[in-house]
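Undergrad: Before I ask anything, here is the structure I am working with.
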Amino acid sequence: LQTSKLLGIKGKRTVDDFHKALGHYMWDYVGMSRNEAGLKKAINGIRTLREEFYQDVNVPGDTTNFNIELHKATRLADFLELGELMALDALERK
């Protein structure tokens, strides 16, 4: 189901573009040096990024052979969930 959904989006942004954006949120706001305001910014940013991902990602190819971009996209979908969870968890731990 998720593979068909990801292949069908046909957006303009690459998987790598979204991955880099997530990395910036994680590095800048959820890393070792973090604060409440930054964590809240990361949570909101990651939620927005996830919405954009499911509307504007471009995963070329199909499922007839191994598709590295599709593999990266499914992993990134998990990373978006995990990143938000890590930020929420950090926010709860004062």
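The values are calculated or read from the model by the stated rules, or taken from the named source; none is laboratory data. As the structure is a computational prediction, the values presented were derived from the model and not from experiment. Note that we place each Cβ from the backbone using ideal geometry, even for glycine, and neighbour counts take in every protein chain shown. Ligands, DNA and RNA are excluded from the accessible area calculation, which covers all protein heavy atoms including side chains. Shrake-Rupley method; radii C 1.70, N 1.55, O 1.52, S 1.80 Å.
Undergrad: Could you please let me know if G61 is more than 11 Å from the chain's Cα centre (by Cα), farther than 12 Å from L6 by Cβ and at pLDDT below 95? Spell out the reasoning first.
TA: On the way: more than 11 Å from the chain's Cα centre (by Cα): yes; farther than 12 Å from L6 by Cβ: no; at pLDDT below 95: yes.
It is false that G61 is more than 11 Å from the chain's Cα centre (by Cα), farther than 12 Å from L6 by Cβ and at pLDDT below 95.
Undergrad: How do the pairs read when you match residues in the stretch 55-82 that are in contact (Cβ under 8 Å) with a residue 24 or more places away in the chain with residues anywhere that are assigned to a helix (DSSP H, G or I) and of a type in the set (S, T, N, Q), using Cβ under 8 Å and keeping only pairs 6 or more apart or on different chains?
TA: Pairs that qualify, where the first residue is in contact (Cβ under 8 Å) with a residue 24 or more places away in the chain and the partner is assigned to a helix (DSSP H, G or I) and of a type in the set (S, T, N, Q), are T63/T3; L70/T3; T74/Q2; T74/T3; A77/Q2.
Undergrad: Given the options V30, V57, name the one that is at negative phi and either in contact with a Ser or Thr (Cβ under 8 Å, 6 or more places away or on another chain) or of a type in the set (F, W, Y) (or both).
TA: Details: V30 fails: either in contact with a Ser or Thr (Cβ under 8 Å, 6 or more places away or on another chain) or of a type in the set (F, W, Y) (or both).
V57 is the lone residue from the list that is at negative phi and either in contact with a Ser or Thr (Cβ under 8 Å, 6 or more places away or on another chain) or of a type in the set (F, W, Y) (or both).
Undergrad: Can I ask one more? Spot the failing condition for K72; the list is (1) farther than 15 Å from G83 by Cβ; (2) exposed (fewer than 12 other Cβ atoms within 10 Å of the Cβ); (3) not hydrophobic (A, V, I, L, M, F, W, C), and only one is missed.
TA: (2)
Undergrad: Considering the stretch 1-38 alone, what residues qualify as being under 19 Å from L91 (Cβ atoms), in contact (Cβ under 8 Å) with a residue 24 or more places away in the chain and open to solvent by 80 Å² or more (accessible area, probe 1.4 Å)?
TA: The first filter runs over the stretch 1-38 and keeps only residues under 19 Å from L91 (Cβ atoms), leaving 22, 24-38.
If we keep only those that are in contact (Cβ under 8 Å) with a residue 24 or more places away in the chain as well, we get 22, 25-26, 29-30, 34, 36.
Result: R34, E36.
Undergrad: Please verify whether the stretch 19-33 includes one or more residues that are closer than 24 Å to T63 by Cβ and in a helix (DSSP H, G or I). Spell out the reasoning first.
TA: Restricting attention to the stretch 19-33, the residues satisfying the condition of being closer than 24 Å to T63 by Cβ are 19.
From what's left, in a helix (DSSP H, G or I): 19.
Looking for residues that are closer than 24 Å to T63 by Cβ and in a helix (DSSP H, G or I), one finds at least one in the stretch 19-33, hence yes.
Undergrad: Going through the stretch 64-94 one residue at a time, which ones are among the basic types (K, R), under 14 Å from the mean Cα position of the chain (by Cα) and closer than 20 Å to D28 by Cβ? Give the derivation first.
TA: To start, the set of residues in the stretch 64-94 that are among the basic types (K, R) comprises 72, 75, 93-94.
Next, only the ones that are under 14 Å from the mean Cα position of the chain (by Cα) stay: 72, 75.
Listed by number, the list is empty, since nothing qualifies.
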